[in-house]
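Below is one structure, written out as structure tokens; the observations come after it.
The values are calculated or read from the model by the stated rules, or taken from the named source; none is laboratory data. Since the structure is predicted, the reported quantities are computational estimates derived from the model, not experimental observations. As a convention, Cβ positions derive from the backbone with ideal geometry for all residues, glycine included, and neighbour counts pool all protein chains shown. Accessible surface is based on the protein model in full, side chains and every heavy atom, while ligands, DNA and RNA are left aside. Shrake-Rupley method; radii C 1.70, N 1.55, O 1.52, S 1.80 Å.
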Amino acid sequence: MKPLRVIARSSALSVMQVREVFSCLPTVDYRLTTTESIGDKNRHISLMDNVPGDFFTREADEAVRNGEADMAVHSAKDLPYPLPPGLEVVALFEAFDKTDSLVCRDKLILSQLPSGARIGTSSAARRAELLKERSDLEVVSIRGTIEERIALVDSGQIDALIVATCALKRLGLENRISQILPFKTHALQGCLAVTGRIGDKRLKALFGPLDVRKKYGEVTLVGFGPGNPDLLTIAGQKALEQADVIFYDDLIDKTFTCNLKAEKIYVGKRKNHHSHSQDEINEMVYQAAISGKNAVRLKGGDPMIFAHGREEIDYLQSRLVKINVIPGISAATAAAAFTHIPLTHRDISSSVAFITGHATSNAGIPEADTLVYYMAGTTISEIAKKLVAAGRHADTPVALVYHVSHPDQKIFYSSLKELQFSVINYPTPLLVIIGAVVGFENGSVRQTALITGTTAKCYSSPDKIIHTPLIKIEKITPSAITQTIDIARFNWIIFTSRYGVCYFFDLLKEMRFDGRKLASIQIGSVGKTTTAELNKRLIYPDLESATGSSEGILNYFRDNHLSGKHILLPRSNKGLQSFSEGLRALGNHVTDFPVYTNTFNDNAAKVNLSDLHKIVFSSPSCVHAFKRLYGNLPSGIQLIAKGLTTENAIREDSIKPPLTTVSP
């Protein structure tokens with residue numbers, strides 16, 4: 001039989017590694033050819049920079065691919081991921097030592113080195129580990145063979161060196177070890193790898209029995225589906241029954257897993273509470289595999305949809321562990337089936353996009369007819385605002401589906417218009433479907449909405465309406481102070497509600513004020529309802545809030561550098577101080593002018609909140625009145641705010657004191 005043609009790097013360490021591999025096959029004849037890698041030829045390039053993955057393997061592997069050599073021997077941690085096309089790892093040899101060592105001229109250990117000592121390394125990971133232990137040391141990037149690096153220590157150019165212990169032992173340099181370091185090292189450090197052309201039967205016959213991976217278990221990513229065990233695939237069921245250990249998360253049915261014989265390890269993640277980081281999960285699965293266990297990573301939905309599937313594949317495959325993937329029914333497709341909402345429809349939706357709700361500020365909006373947001377329970381209001389701002393119609397219907405496929409599945413219907421200023425405190429997990437396709441179902445399910453303001457006209461919806469005013473609005477009788485206000489001296493009059501408009505003009509009549517004097521005064525309006533009330537009096541405001549709340553007015557004054565203005569605010573006796581204070585902070589003179597009272601409605605009757613799907617608040621005072629009557633805002637009900645100021649009131653933990661009126 002012809003001798004095997006072997007290629008490796010030309011360093012003494014690389015040659016020793018080839019001898020170590022063939023010491024396991026003493027009767028096999030081979031011929032070694034050495035080469036210099038691109039890394040060997042470019043020693044000026046620091047390994048702490050972003051060097052190519054094949055920095056030390058390219059030339060040897062190219063020789064194998066081209067048929068110039070039968071096999072190459074590499075340090076396994078130098079292997080690129082993925083391997084070049086046409087090549088495979090024929091065998092992996094386990095390391096006899098995976099540690100790092102400190103080499104010091106005076107045999108000092110790490111804790112004994114003086115502050116500022118220069119420590120050489122070629123690895124960013126070793127630098128990080130070193131600085132965790134001794135942040136006062138200077139890390140120096142070095143290159144070269146092991147012998148050349150040690151020479152830098154002996155010549156005094158550096159005070160110490162960090163190097164793989166196995167490299168020192170392979171070269172017979174154990175006597176240079178000052179200390180075995182407690183550093184976390186690369187998973188493949190010290191391991192040797194044989195690469196060859198895919199399907200080379202001779203290499204597999206020779207090296208297959210020596211491959212340490214024969215002792216490894218396999219890893220299988222299994223999609224459990226949306227949570228209903230009946231939706232698990234047959235392949236997934238088989239993998240679970242054959243597993244030695246199962247790593248599972250929160251979306252898995254616990255009664256199902258308790259019947260499996262495998263060891264079960266919880267690695268779930270919920271918002272603001274992760275039992276393990278993703279890196280920790282990856283490492284736990286890896287350790288299970290190399291210990292010989294068949295491991296299943298059981299995931300809700302499908303492993304390749306918002307489930308870190310590819311990250312885990314890369315983590316394991318780059319460490320030469322075999323991995324399989326069994327798909328699962330995704331939450332989106334399950335939601336379509338269980339709600340009868342089609343994700344596509346030949347008449348109205350020819351495309352669908354899946355988006356994660358966790359990164360709404362960074363993710364763009366796909367150009368798709370139907371949008372499905374995963375993990376959007378706490379960000380749906382922000383998503384709705386972003387979609388409307390991007391041109392999606394505000395009346396676009398939305399379905400919010402809780403616990404898809406479970407017995408307690410619930411469906412809540414809304415629209416982008418409503419969700420913009422809604423506080424969604426539904427339980428999670430929550431899947432959100434946005435698009436015209438929702439219209440096939442939302443019209444057949446009538447939901448119940450409680451209107452807390454003085455009128456139900458502000459809420460147009462097919463929902464069943466329960467109108468229970470929680471506040472009373474009453475006109476303020478003109479006082480002596482009112483009679484002395486010189487309205488003509490103001491630069492601006494800003495109306496914050498339709499009641500402010502109504503009662504202000506009623507007062508003007510009683511004061512016999514000449515309305516023509518308003519022509520020289522600029523008019524501001526907070527919201528379309530307020531503007532409509534002004535229009536009834538043939539008054540068209542110079543400014544309407546872009547946000548439908550007082551914040552929009554403040555933003556306009558701030559962006560246009562408006563200061564020194566005399567501003568009149570005709571509003572209730574409970575107008576928010578923040579608006580007045582915000583205008584004053586910009587350098588303006590503000591007069592709060594109460595024209596009506598806003599008080600709690602003592603005659604308001606409680607309703608059964610469990611019958612409700614939505615509660616609509618038209619003002620912060622409605623929010624405060626609701627808390628006074630019911631104690632707290634309920635969970636599991638969509639809370640709709642008319643404007644950003646009201647939304648902020650919903651989110652507040654406590655009720656702020658009413659406005660203190662400033663006299664003119």
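Summary of computed values
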read-out: Residue-count net charge about E263 - beta-carbon cut-off 11 Å; Lys, Arg +1, Asp, Glu -1; value: +2
read-out: Helix-only CD estimate at 222 nm, as mean residue ellipticity for the chain, using -39500 (n - 2.57) per DSSP H run (n ≥ 4); value: -7500 deg cm²/dmol
read-out: Integer Hz, Karplus 6.51/-1.76/1.60 couplings in order for the range 384-395, x for Gly and Pro; value: 4, 4, 5, 5, 5, 4, 7, x, 5, 5, 4, 8
read-out: Label-reachable residues, the range 1-29, where backbone N falls under 13 Å from a point 7 Å from E147's Cα toward its Cβ; value: 10-16
read-out: Average accessible surface area per residue within the chain, 1.4 Å rolling probe, Å²; value: 46
read-out: Of K269/K627; K132/K215; K169/K293; K386/K417; K385/K614; K299/K385, pairs whose Cα-Cα distance is over 23 Å; value: K269/K627; K132/K215; K169/K293; K299/K385
read-out: Residues of the range 413-430 with amide N under 19 Å of the 7 Å Cα→Cβ point at A546; value: 420-421
read-out: Convex hull of the range 225-314 built on C-alpha atoms - directionally averaged projected area, nm²; value: 5.8
read-out: Positive minus negative residues near L113 (Lys, Arg vs Asp, Glu; Cβ under 13 Å); value: -1
read-out: Segments 182-188, 417-423, 69-75 sorted - mean Cβ within 10 Å per residue, highest first; value: 69-75, 417-423, 182-188
read-out: Equivalent-ellipsoid semi-axes of the range 1-153, from the Cα gyration tensor, Å, largest first; value: 34, 17, 14
read-out: Potential lengthening between M48 and E133 on full extension [0.36 nm per residue; Cα-Cα distance subtracted]; value: 28.7 nm
read-out: 0 to 90° range, to nearest 10: angle between helix 124-133 axis and the chain longest Cα axis; value: 70
read-out: Positive-end residue, the range 543-664 charge dipole about Cα centroid, Cβ charges, pick of T547, I637, L609; value: L609
read-out: Global form of the range 572-622, assessed from the alpha-carbon gyration tensor, a/c cut-off 1.5; value: oblate
read-out: Highest to lowest packing among 599-606, 445-452, scored as the average C-beta count within 10 Å; value: 445-452, 599-606
read-out: Segments 230-240, 91-101 sorted - mean Cβ within 10 Å per residue, highest first; value: 91-101, 230-240
read-out: Of all accessible heavy-atom area on the chain, the percent that carbon and sulfur account for (1.4 Å); value: 51
read-out: Quotient of C-alpha Rg and 2.2 N^0.38 Å, computed over the chain; value: 1.37
